[in-house]
Structure formats: C-alpha cells, structure tokens
Amino acid sequence: MQNFEYCNKTKIIFGRGTENQAGKETAIFARRILLHHSGGSAVRSGLIENVKNSLKEAGVAWVELTGVQPNPRLSLVKEGVDIVKNEKLDFVLAVGGGSAIDSAKAIAAGAVNDGDLWDYFERRKTLQGALPVGTIVTIPAAGSESSTSCVITNEEGPWKRGMHSVFNRPVFSIMNPELTYSLPPFQTACGITDMMAHIMERYFTREQHVEFTDELCEGALRAIIRNGRKIFSGGENNYDARAEIMWAGAVAHNGILDTGRIGDWASHALDHELSALFDIAHGAGLAIIFPAWLKYNVNEDSSLESMSRLARFAVKVWGVDGAFYDYRQAALEGIFRMENFFKSIGMPTRLKDANIDTSRIPEMAKRVVHFGPIGNYRKLDSKDAQAIYNLAAE
C-alpha cells in the first residue's frame with residue numbers, strides 16, 4: 001500500500017427537500033454569487049425558482065449564467081469568468097450534473113488565476129486558488145460534487161482536458177435523490193456507467209496489499225449494478241434505489257477509493273477523444289471503451305498475478321463462478337456480463353452503436369498520447385491505443 005494523505009472538505013447535505021437549504025449554505029460564504037446551470041430541465045421542473053427563493057430568503061443576490069452543455073465548453077467558462085470579475089462575485093453555485101459543476105469549477109478557477117485558463121488544462125500552469133463552489137446535484141454520474149477534478153472541452157481543438165486540484169473541491173453539495181426521478185433513461189444509464197468507470201479506473205491497479213479498498217470498490221460496483229437494475233425494471237421513482245445510486249456516484253470519485261493505490265485512467269483518456277471529436281456523452285463513451293480496454297489486457301496479460309485481478313473482477317463483481325473457469329475464461333465471462341448489463345440499460349458497447357467514424361481511429365490514437373503514454377495498470381502508447389479502439393469497433 002502506498003503512503004497517502006486524504007482530506008475532503010465538501011459538506012454533503014443529502015436527502016429529501018435539501019435543495020431548500022441552498023440559500024442558508026451559500027450565505028455562509030458570500031452574498032453575491034454566480035448561479036450557473038443549463039437553463040433546461042432544472043428551470044422547467046421549478047427547481048431553479050425554488051433555489052432562487054432560497055437564496056433570496058438568505059439575503060444572497062445572484063447573477064445567472066445558463067447554457068451549460070454536455071462536455072462543457074471553454075467559451076461559456078470564459079464568459080462566466082468575465083461576469084464574475086465584472087460583477088465582483090464571490091461564489092459560484094452550480095445546479096445540474098457534472099457538466100454544470102465542472103463548468104462552475106473552471107469559472108471559479110479562472111476568476112482568481114492569471115493568464116489563459118486553458119494553460120491550466122494543458123498542464124503548463126498550476127492553480128493557486130479558486131473561488132468557493134457549491135453544487136445542487138440533479139444527475140448522479142461524474143461525482144464532481146465532491147472531487148478534485150474538472151473536465152472542459154476547448155472547441156478550438158477540439159480538445160477535452162482534465163484539471164485536477166484540491167481547489168476544485170466544492171465547499172458543499174446538496175443531493176436530493178427525488179431530483180433525479182425525471183431524468184431520461186439515457187441520462188440515468190450514462191450516470192451509472194460513468195460512476196462504475198470511476199471505480200474501475202481505481203480498481204485496476206498493480207499495487208499490492210490494498211484489500212480494504214478492493215473490497216470497497218467491489219461492494220460499490222455490486223450496489224450500483226443491483227440498484228441500477230431496480231431503476232430500469234420499473235423503479236424510476238424508487239427513492240431508495242435512486243438514493244443508493246446518487247451516493248455511490250459521489251463516493252466513486254471523492255478520492256476515498258484512491259487511498260493507498262495507483263489507479264489506471266487510460267479508459268477515460270481514450271474516451272475523451274471520442275467526446276472531443278464526436279461529442280458523445282461521457283458515460284456512453286466509457287461503455288464502449290472499458291470492455292475493449294479489459295479485452296486488450298486479457299490478451300496482453302500472461303502472468304498469473306496479472307490475470308488474477310481480471311478474474312477477481314469477474315467473480316466478485318459479476319458473480320462468475322471461478323470454480324468452473326480458468327483465470328482467462330473467468331475474465332472474459334466477466335467482460336461479457338458487463339457488456340450485457342450496459343446493453344440492458346441502453347448503453348452502446350461498440351463504436352458503431354454510437355455512429356463513431358472508425359476511419360478516425362488512427363487520429364484518435366495519436367491524439368490520446370498528447371502528454372505521453374497513458375495508463376498505469378499498463379502503459380499504453382499510440383499503437384496500444386489503436387488496438388483498443390479497434391477492439392471497440394469489432
């Protein structure tokens with residue numbers, strides 16, 4: 001197990017009606033804020049009006065910026081930075097899913113750091129601070145509500161890049177599972193896939209003696225799968241299932257599952273190219289990439305030690321009976337069951353399912369190693385990346 005430090009400052013406010021506490025929680029930090037959201041379903045449902053009433057009651061004034069899209073855009077972030085500076089705002093409140101939250105984080109960073117904000121995503125500069133951010137979560141998926149990550153798309157590339165910093169953690173996050181009842185099935189499925197991928201990126205490690213976090217990862221994945229099936233079997237308004245999924249999404253990416261181990265993250269990098277070039281939903285892209293990444297590792301791993309983790313994943317998460325399989329067969333059966341689960345909730349599992357132009361595979365394989373080889377479970381160069389994209393095309 002690796003040495004580690006763990007500190008998560010995000011206050012979680014979880015349960016029915018908690019969105020009504022937005023004003024009280026925000027007033028602790030600021031009296032003039034940016035209210036940031038998509039302007040879509042959160043407005044139509046009346047949530048934004050409720051949030052505004054809560055802010056008003058707490059004596060908090062706001063300037064509103066809408067227009068957040070999936071794979072949030074740098075151009076909107078820059079607009080937000082200008083608003084915050086010109087209006088002398090001291091806080092950013094995001095209402096929505098990971099896209100709204102990541103856009104808010106980037107605005108909060110851009111408001112107090114000098115120079116071109118994109119330099120921080122290109123790893124040319126390091127954040128020195130950020131305005132405080134609060135969130136009201138409506139889509140359990142990215143786990144950005146209590147994470148150090150922030151992912152933004154620069155339309156000029158197009159490039160999709162992540163920026164990680166302790167300054168990105170929100171100061172509070174409000175999570176009411178009832179707000180997720182009206183989500184379209186596709187968004188619910190993308191969220192489930194995204195949070196599973198966050199756990200799997202951490203689970204596949206070469207680090208030894210991480211039994212406790214292994215068990216946490218496996219248990220979290222089983223809970224997500226079980227409650228995801230409940231939601232997609234007529235349980236759209238099942239509060240308990242929605243609550244399990246919402247909390248799992250936050251824990252999947254808040255850093256606790258990282259402790260003592262080194263995760264992989266190649267699949268996220270591979271998917272970022274799909275998102276940047278084809279604007280595919282992040283969860284949908286991960287449903288395509290992760291099985292392909294696993295198949296590649298089954299093909300490449302020859303040692304018993306390496307194959308044992310792939311087989312353990314199949315047995316502990318997908319219920320494969322290891323007594324009837326060797327390690328390779330067990331691993332492949334686990335991948336088969338994972339793909340079937342993704343299909344059962346409406347996710348694509350091949351590039352063609354998402355109308356991805358496979359002629360651009362060589363281009364994606366070159367782009368993905370912009371910063372050098374990707375991944376930690378196995379270092380991947382452009383040739384390896386191309387092989388994984390090809391597996392995703394089969």
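Couple of notes before you dig in:
- Residue in segment 86-94 that is over 18 Å from Cys150 (Cβ atoms), in contact with a helix residue (DSSP H, G or I) (Cβ under 8 Å, 6 or more places away or on another chain) and part of a loop (DSSP other than H, G, I, E, B) present: yes
- Residue match in segment 342-361 (condition: under 26 Å from Arg309 (Cβ atoms), open to solvent by less than 10 Å² (accessible area, probe 1.4 Å) and modelled with pLDDT under 95): no
- A search for C-beta distances below 6 Å between a residue of segment 361-390 that is farther than 20 Å from Pro291 by Cβ and any residue that is of a type in the set (Gly, Ala, Ser) and surrounded by fewer than 18 Cβ atoms within 10 Å (Cβ to Cβ), counting only pairs 6+ apart in sequence or on different chains, returns Lys366/Ser382; Val369/Ser382.
- If the condition is being within 14 Å of Ile136 (Cα to Cα) and among the hydrophobic types (A, V, I, L, M, F, W, C), then segment 1-59 contributes Ile12, Ile13, Phe14, Ala22, Leu34, Leu35, Ala42, Val43, Leu47, Ile48, Val51, Leu55.
- Helices (runs of 4 or more DSSP H) fully within segment 1-81 that include at least 1 residues being open to solvent by 10 Å² or more (accessible area, probe 1.4 Å) and more than 28 Å from Ala241 (Cβ to Cβ): 22-27, 47-57.
- Matching residues, segment 100-152, being crowded, with 21+ Cβ neighbours inside 10 Å, among the aliphatic types (A, V, I, L, M) and not in a helix (DSSP H, G or I): Ala111, Leu117, Ala130, Leu131, Val133, Ile136, Val137, Ile139, Ala141, Ala142, Val151, Ile152
- Of the helices (runs of 4 or more DSSP H) lying entirely inside segment 291-394, the ones with 2 or more residues being within 22 Å of the chain's Cα centre (by Cα) and farther than 17 Å from Leu221 by Cβ are found at 361-367, 382-393.
- Count of segment 212-247 residues which are of a type in the set (S, T, N, Q) and closer than 21 Å to Glu201 by Cβ: 2
- Test: residue in segment 176-185 that is open to solvent by 40 Å² or more (accessible area, probe 1.4 Å) and within 22 Å of Pro291 (Cβ to Cβ): yes
- Ala276 being at pLDDT 95 or above and either over 24 Å from Glu145 (Cβ atoms) or of a type in the set (A, V, I, L, M) (or both): no
- Note on segment 201-241: among residues that are among the acidic types (Asp, Glu) and not in a helix (DSSP H, G or I), the one that is most open to solvent (accessible area, probe 1.4 Å) is Glu236.
- The residues listed here are Gly285, Gly260, Gly249; of these, the one that is surrounded by fewer than 19 Cβ atoms within 10 Å (Cβ to Cβ) and either modelled with pLDDT of 95 or more or under 20 Å from Gly162 (Cα atoms) (or both) is Gly260.
- Among the residues of segment 87-119, those that are farther than 21 Å from Gly143 by Cα and either in contact with a strand residue (DSSP E or B) (Cβ under 9 Å, 6 or more places away or on another chain) or in contact (Cβ under 8 Å) with a residue 40 or more places away in the chain (or both) comprise Glu87, Lys88, Leu89, Asp90, Ala111, Leu117, Trp118.
- Residue ID - modelled with the highest pLDDT, chosen from residues in segment 288-309 that are charged (D, E, K, R) and either out of contact with any Phe, Trp or Tyr (no Cβ under 7 Å at 6 or more places or on another chain) or open to solvent by less than 30 Å² (accessible area, probe 1.4 Å) (or both): Lys295
The values are calculated or read from the model by the stated rules, or taken from the named source; none is laboratory data. Just so we're clear, the structure is a prediction, and the values are computed from it rather than from any experiment. Here the Cβ is made from the backbone with ideal geometry for all residues, glycine too, and neighbour counts use every protein chain on show. For accessibility, only protein heavy atoms count, side chains too; no ligands or nucleic acids. Shrake-Rupley method; radii C 1.70, N 1.55, O 1.52, S 1.80 Å.
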